[in-house]
1. Tabulate in residue order the Karplus-calculated ³J(HN,Hα) for the stretch 10-19, using 6.51 cos²θ - 1.76 cosθ + 1.60 with θ = phi - 60°, rounded to whole Hz; enter x for Gly and Pro.
2. [x] 16.8; [y] 14.0; [z] 15.3: which one is Kirkwood radius over Cα pairs in Å as calculated from this entry?
3. Taking amide H atoms as placed 1.01 Å from N in the peptide plane, list the residues 5 or more away in sequence, or in a different chain, whose amide H sits under 5 Å from that of Ser102.
4. What number comes out for accessible area per residue over the chain if the probe is 1.4 Å? Units Å², please.
5. So, with a 1.4 angstrom probe, what is the percent of accessible area on the chain that is carbon and sulfur?
6. Helix-only estimate, please: 222 nm mean residue ellipticity of the chain, summing -39500 (n - 2.57) across DSSP H runs of length 4 or more and dividing by its residues, to the nearest 500.
7. Spin-label point model (7 Å from Cα, Cβ direction): what's the Val82 to Met1 distance in nm?
8. 7 Å from Cα along Cα→Cβ at both Ser92 and Glu75: what's the point-to-point distance in nm?
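The values are calculated or read from the model by the stated rules, or taken from the named source; none is laboratory data. Quick caveat: nothing in here was measured; it's all calculated off a predicted structure. Please note: Cβ atoms are built from the backbone with ideal geometry, for glycine as well, and neighbour counts cover all protein chains shown. Just so you know, the surface numbers come from the protein's heavy atoms only, side chains and all, with ligands and any DNA or RNA stripped out. Shrake-Rupley method; radii C 1.70, N 1.55, O 1.52, S 1.80 Å.
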Amino acid sequence: MYIEWTETAAGKIAGKVQRQEGYLQLKYDTDGCGCVVSGVTALWWVNEPEEGTEKVETNGIPLYVEKSKMIFLDEVMKIDFVPEANSFQLKSPNQILNPRMSFFNKI
């Protein structure tokens, strides 16, 4: 799996964490979605990567993804930031996986 950060998204993340120690995780959150295949992706800033996560290849900012949820994601993706929506966007060459992806500081 490879995830590319756009310059805009990388700058926005840097501003949100402001040198705070931690790890960035792409969380496939299924809470309140009804079933495991109806998850929503979000970016979580955490103290430690959760058990069962794997560091994925990126063009910059290190990112961890739950191994068991990788099946729901594409092999190549991009994280962008859309100022008009004030949110991140997760997309691949085939689809937009989440047009309004949230960031949560869990520290």
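1. 4, x, 5, 4, 4, x, 6, 8, 6, 6
2. Looking at Kirkwood radius over Cα pairs in Å for this model, the match is [y].
3. Amide H neighbours of Ser102, under 5 Å, 5+ apart: Leu43.
4. 58
5. Carbon with sulfur: 46 percent of the solvent-accessible area.
6. Theoretical 222 nm ellipticity from helices: -3000 deg cm²/dmol.
7. 2.2
8. 1.0
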